[in-house]
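Report on the structure given below.
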Amino acid sequence: MRHVLHILACVLALLTLVARAQAEPVPPVAKSIKADETAILLVDFQANFVSPDGAWYGKFAEHYKKTRMLDRIVELVRKARTKGVLVVHITEGYTLDYRELDPSNPGMFHRGQIGRGAWKVGSKEAAYYEPLKPAPEDRDLFLPPRSQVSGFGGTGLSEILRAKGIKNVAVAGFTSDVCVYATALSAYDLGFHVYALREGMVGFFDGMAEQMVNFVYPMWSQVIDNDEFDNMIEASPVASRKASAN
């Protein structure tokens, strides 16, 4: 009998510990973030997607017209720069003979680029979206063209952001079901607080992309509208002083 009572006591003690663990308070999600701890990652805003003569522009043209996606992201970036947010431009690009890629790999991402001669560095379709280019006084960061899906792949982006004290990253661009998703997932795994800019991205596979933004992205990020994100940002002291001076 004494043995049974001992077992029951152990079970009760274990249940008490589990109950306490389940009741452990979870810190609330931040309602405001500091500009000097925040970066906006702009993925593949290149002519292939954003220029009327780009290979994939036609697929997204109606979306641009309906949502003003390109104009809206330019507006957000302008406001973010003013507050002191770091703007990072992430591009895709390959050498003229694609020697950095493995054409025998059965994965279709790189084989598809090789097959249609896409994203060659210096080519017209790899050109960057002019309205997003920084002015001389802006402190934007342009990364070297990458050959990996994630914006963190082979670019040193994680180390750069850490060195600058960045804790929060907002992600936008092309596409929400391919490179933007890979970038957001990498950022989460690397320990950044991730904000997915719903209005600043568009999917290649329409139905799947919508499902991902609504149900998958929330696992790794806070899915947020442009204005909501802008309202969260507390301007840096330096930016505030400049605004006051002006």
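Remarks
- Lone unmet requirement of (1) open to solvent by 30 Å² or more (accessible area, probe 1.4 Å); (2) at pLDDT 95 or above; (3) of a type outside the set (Asp, Glu); (4) over 30 Å from residue 207 (Cα atoms) for residue 136: (2)
- Of the residues making up the stretch 65-82, those that are surrounded by fewer than 19 Cβ atoms within 10 Å (Cβ to Cβ) and under 26 Å from residue 162 (Cα atoms) are 74, 78, 79, 82.
- In the stretch 178-193, of all residues being of a type in the set (Val, Ile, Thr) and buried (at least 24 other Cβ atoms within 10 Å of the Cβ), the one that is farthest from residue 37 (Cα to Cα) corresponds to 180.
- Near pairs, Cβ below 7 angstrom, 6+ apart or cross-chain, from the stretch 216-241 (under 14 Å from residue 38 (Cα atoms) and open to solvent by 70 Å² or more (accessible area, probe 1.4 Å)) to any residue that is hydroxyl-bearing (Ser, Thr, Tyr) and modelled with pLDDT of 95 or more: 234/32
- Residue count for the stretch 62-103 under the criterion of being out of contact with any His (no Cβ under 7 Å at 6 or more places or on another chain), assigned to a helix (DSSP H, G or I) and under 17 Å from residue 199 (Cα atoms): the result is 17.
- Members of the stretch 199-215 that are more than 21 Å from residue 46 (Cβ to Cβ) and either in contact (Cβ under 8 Å) with a residue 24 or more places away in the chain or surrounded by 24 or more Cβ atoms within 10 Å (Cβ to Cβ) (or both): 208, 212, 213
- Taken across the stretch 154-163, residues that are part of a loop (DSSP other than H, G, I, E, B), open to solvent by less than 40 Å² (accessible area, probe 1.4 Å) and hydroxyl-bearing (Ser, Thr, Tyr) do occur, with at least one present.
- Among the helices (runs of 4 or more DSSP H) confined to the stretch 172-246, the ones with at least 3 residues that are over 14 Å from residue 76 (Cα atoms) and out of contact with any Cys (no Cβ under 6 Å at 6 or more places or on another chain) are located at 179-189, 206-211, 217-220, 237-245.
- Members of the stretch 35-56 that are among the aliphatic types (A, V, I, L, M) and assigned to a strand (DSSP E or B): 39, 40, 41, 42, 43
The values are calculated or read from the model by the stated rules, or taken from the named source; none is laboratory data. Since the structure is predicted, the reported quantities are computational estimates derived from the model, not experimental observations. Quick reminder, even Gly has a Cβ in these numbers, built from the backbone with ideal geometry, and neighbours come from all protein chains shown. The protein model used for the area step is the full one, side chains on, heavy atoms only, and it has no ligands, DNA or RNA in it. Shrake-Rupley method; radii C 1.70, N 1.55, O 1.52, S 1.80 Å.
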